[in-house]
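Report on one structure; see the data block that follows.
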Amino acid sequence: MNQQAAITPLLQPGKINGLELANRIVMGPMAAGSPAEDGTPSLQTIAFFRARAKGGVGMIIMGGSIATKRGYAEAMMRPLLRLDTDDTIPGFRRLTDAVHEHGTPIIAQLTPGFGRMGVPAPDRPLISASPINVVIPEANFPAGFIVPHGRITPMPQEATIAEIRQYEKEMVEAALRAQKAGFDGIEVAAHMSYFAASFSSPRTNFRTDEYGGSVENRARFLRNIVTATRAATGPGFVVGLRITANEYLPDGQGPEGYAEIAANVEAAGLDYVAMSGGAYETMSASAPAIDGTLVDGGEAAAFRKALKGPILIQGIHSPERAAQTLTDGLADFVMLARPLLADPDFAKKLAMNEAKSIAVCDRQNTCMRRMVFGMPVRCSVNPRMGREEREEGVPRSPSRLLKAPLEEVVLSLTGSPAVMGIVRSVTPKRT
């Protein structure tokens, strides 16, 4: 079988609710859109998404957006896209119009709050399903990250019933804003170690009320959001869920447990489930260095057994491996994130039998490291990434001419094993 025949399943049309997708390649959610300071899509944001729509993906999931006031206040990084206010609706309409010009559906991923990964304030403690913080060992960071002694986050408080229900209410309001702004649907973010994710696993949820204990109770927060969103937005608006598939921790929940939670939420009216690997405690699993970890570990099979609707899988960069996963029935769509930073024309090149010309992601996570340090996201193999708005040949702005060299120094020092080894040796290990 030649390469083009092998990837044919990726190029077949698909359907989610009433959305017709040209192929099975979905742009996964990333906080790489360079929003304006007020939380609206900037010209660069629009150019970034337009380039991926023009590049032929079947659907785009816009990440990096916050849905609630408290979530915005505790955000680790600024600026971020805001759907917690009506003020941004006109700006998002410009974004969705630009993407729809290329016939590409676009979904808004909604994050309720950052939970254990947020930034507390004296009058605003972190809240989570239960009081357990995040401990990230140094060895569990992805490639390209050197964090001496790892990281330990502040201890959160157990969220009150009133706080939980406020999040549920604001999530539905954000979904309505997304609908008014022209999005084709929303995705509830319940992955990594953010607020929504803390309810799913017994490791992070040891509540004794209606939101803790049984599968039904641990799924209640997500199910309430999905039920109310479906009622508010109508049957044709896509409602998806991004959920952890495996924590990869000795005392964590595995794929069968997460698939059971996902199935419970699906019954409330989900149109798809997107699988996410790992939590912040196991960050390296979220940005894997090899293909197919969610297939090889049995996570995809567990979710397929439990769910009735479409499944989106991440972490497969190889077109041939992605197509085989679809053929095997383990997923219906493949989400690409870092590969679409490296080459926005990934899907188009596959369709045109030009796979050999695809710029391949090096998986060194320069994009993620820049994001963590609050720098504009760039790609080590795509010099146009983050600069889509600027015409080729046009010089950088004076502010970028000043900032760019300093950013390179920071990245060089923090990415140096020798330098960070010195830091490790002179800083005490936190216990």
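Here, each number is a calculation from the coordinates, and none is a lab measurement. Remember, predicted model here, so these are calculated numbers, not experimental data. Reconstructed Cβ throughout: ideal geometry from the backbone, glycine too, with neighbour counts over all protein chains shown.
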Per principal axis, largest first, the Cα atoms of region 235-299 extend in Å by 38, 23, 21
So, relative contact order of region 230-277 in percent, Cα under 8 Å, 6 or more apart, is 49
Of region 222-261, those with amide N under 16 Å from the point 7 Å along the Cα→Cβ vector of Met76 are 244
Row for the chain, column shape: gyration tensor on C-alpha, a ≥ b ≥ c, rounded if a/c < 1.5 i.e. under 1.5, prolate if a/b over b/c, else oblate; value rounded
Rounded to the nearest whole number, the Stokes-Einstein translational diffusion coefficient of region 51-109 at 20 °C and 1.002 mPa s (Kirkwood radius, C-alpha pairs) in µm²/s is 172
FRET efficiency for Ser318 and Asp87 from the Cβ-Cβ distance with R0 = 51 Å, rounded to 0.05, comes out at 0.75
Expected unfolding gain across Leu43-Glu354 under the 0.36 nm per residue rule, minus the alpha-carbon gap, is 109.0 nm
Of the convex hull enclosing the alpha-carbon atoms of region 219-360, the direction-averaged projected area in nm² is 9.5
Region 174-225 -> Rg/Rh from Cα coords, Kirkwood Rh, value 1.10
Yeah, region 156-299 with a ≥ b ≥ c from its alpha-carbon gyration tensor (a/c under 1.5 is rounded, else prolate when a/b outruns b/c, oblate otherwise) is oblate
To the nearest 20 debye, the chain has a Cα-centred charge dipole, built from +1 on Lys and Arg Cβ and -1 on Asp and Glu Cβ, of 680
Once Asn2 and Ser214 are pulled to full extension, the length gained, defined as 0.36 nm per residue separation minus their Cα-Cα distance, is 71.4 nm
In deg cm²/dmol, rounded to the nearest 500, the helical mean residue ellipticity at 222 nm of the chain, built from -39500 (n - 2.57) for every DSSP H run of length 4 or more, is -10000 deg cm²/dmol
Burial-style ranking of 201-207, 58-64, 350-356, average other-beta-carbon count within 10 Å with highest first, yields 58-64, 201-207, 350-356
Per the C-alpha gyration tensor (a ≥ b ≥ c, the square roots of its eigenvalues), region 1-71 is rounded if a/c is under 1.5, else prolate if a/b beats b/c, else oblate; here it's prolate
FRET efficiency (Gln12, Val135; Cβ distance; R0 60 Å; to 0.05) is 0.90
Relative contact order in percent for region 178-218 (Cα pairs under 8 Å, 6+ apart) equals 22
The set of residues whose placed amide H lies less than 5 Å from the amide H of Phe195, leaving out same-chain residues fewer than 5 positions away, is Gly113, Phe114, Gly115, Arg116
Of the listed pairs Lys69/Lys180; Lys54/Lys305; Lys15/Lys54; Lys15/Lys356; Lys69/Lys305, those with alpha carbons more than 31 Å apart are Lys54/Lys305; Lys69/Lys305
TM-like helix rule applied to the chain (DSSP H, alpha carbon span at least 15 Å on the long axis, mean Kyte-Doolittle at least -0.5) gives 43-54, 89-100, 220-233, 255-266, 398-414
With R₀ set to 41 angstrom, the calculated FRET efficiency between the beta-carbons of Ile290 and Ala162, to the nearest 0.05, is 0.40
Among Val265, Phe195, Asn217, the residue whose Cα sits farthest towards the positive end of the charge dipole of region 185-274 (+1 at Cβ of Lys and Arg, -1 at Cβ of Asp and Glu, taken about the Cα centre) is Phe195
The answer for trypsin sites (Lys or Arg not before Pro) in region 239-317 that fall in a DSSP coil and have at most 16 neighbouring Cβ atoms within 10 Å is Lys308
Beyond 25 Å, the calculated P(r) of region 96-220 holds a percent of Cα-Cα pairs equal to 38
For region 74-140, averaging the sequence separation of alpha carbon pairs under 8 Å that lie six or more residues apart and dividing by its residue count, the contact order in percent is 36
